[in-house]
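The structure appears right after this line, and notes come after that.
The numbers here are math on the coordinates, done by the rules we state, and not lab data. Remember, it's a predicted structure, so these values are computed and weren't measured experimentally. Counting neighbours? That spans all protein chains shown, and the Cβs are built from the backbone with ideal geometry, glycine included.
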Amino acid sequence: MAQPVYPSIFIAADNAAIKRQRAFVRGVAAQLVLLVVVSLTSSIQVRHAGVTTALVVVTALLTCAVLVISLWLRIARLDERWFQCRALAENTKGLAWRYAMGCTLRPGSTSPDTDLVDRIAELRQRLSETRHCLAEEDAGRDWITPWMREMRADTGANKLAALRALRIHDQQEWYARKARVNAGLSKRWFGVVLASELLALIAAVAWAVLHLSDPGAQWAIDVNLAGVLAAVAAAAVAWTQLRRHSDLVQTYQVAAEDLVRLDVLARGLEAKAGESPVDPALAPQIDELSTRVETAISREHSVWMGESLL
């Protein structure tokens, strides 16, 4: 069974999404780490003028770095461009599969090639932030690949076999695996937050007891660890909100379960199709099945975008 070869614009949008996702996540991670370090340097009190001055300067420089990163993330709009490039890539892949399955992309149309190109062009028009991103990539001209044409002309049984093996099974396994990974990460980050908050409480009590036991003591170095640990907990909460592990567990699991059910329907249609050319009576059922599969797969990025683009 030949592996899918997707339109060149999918590859360009996929690469653009990956680059901006990595840049955005790294930028936010650097911002959170720097904020924790700022909380540490600002909480240290030293009875030495030179060291105190150095800490103040370091704190100021790190705060400026955090500000620069915040402005960069805002101006570059990496998160929005990441979401839109991902939506363009996944919806283009979905349209490619619907074309390959022989689906009707526009009611009453007799030109599937034109319909596919027009639908992709409409996606690019709606996802305006992708223009800048794709300008840096090679979108190419191969928007309808030989694999797509060959699959569209193939028998119903072969189409459904490819749909099950290369689309439904592949995506179902991916979603199931991602659901497990995100469930584990959600628990781990909850543990980090809980441990940081508990340690912050212990540090606050210990700091209070130490200072109340000897109010007039002059410490060479005094560090308020409670504030630092509270900053760590806040950074961990912000990171979990960014990565949305808990939300993705549910989204991925629902998509995986939907694809399992759709695979049962696909297997039944495959048995009916046989090795002969597509039965006109089965064509609408294959069309509906393919549409339902792509709707289930697009659930994740539809949640991120706030709408379905198919």
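Could you tell me which trypsin sites (Lys or Arg not before Pro) in the stretch 66-166 are loop residues by DSSP with no more than 10 other beta carbons within 10 angstrom of their beta carbon?
Taking the stretch 66-166 and a limit of 10 other Cβ atoms within 10 Å, the loop trypsin sites (Lys or Arg not before Pro) found are Arg141.
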- Task: Note the angle between two axes, namely the Cα long axis of helix 49-76 and the longest principal axis of the Cα atoms of the chain, as a number of degrees from 0 to 90, rounded to the nearest 10.
- Result: 20
- Please determine, in degrees from 0 to 90 and to the nearest 10, the orientation of helix 225-243 with respect to the longest principal axis defined by the Cα atoms of the chain, where the helix direction is its Cα long axis. 10
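Expected output is a single nm value to one decimal: the length gained when fully extending between Glu257 and Val181, i.e. 0.36 nm times separation in residues minus the C-alpha distance. What is it?
Net length gain for the segment: 25.7 nm.
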- Query: Quick one: helix 169-213 against the long Cα principal axis of the chain, what's the angle to the nearest 10°, folded into 0 to 90?
  - Reply: 10
- Task: Using just the alpha carbons, could you tell me how many Å³ per residue the convex hull of the chain encloses?
- Result: 138
- Note on the structure: Of all lysine pairs in the stretch 8-305 that are eight or more residues apart or on different chains, those with Cα atoms under 28 Å apart total 9
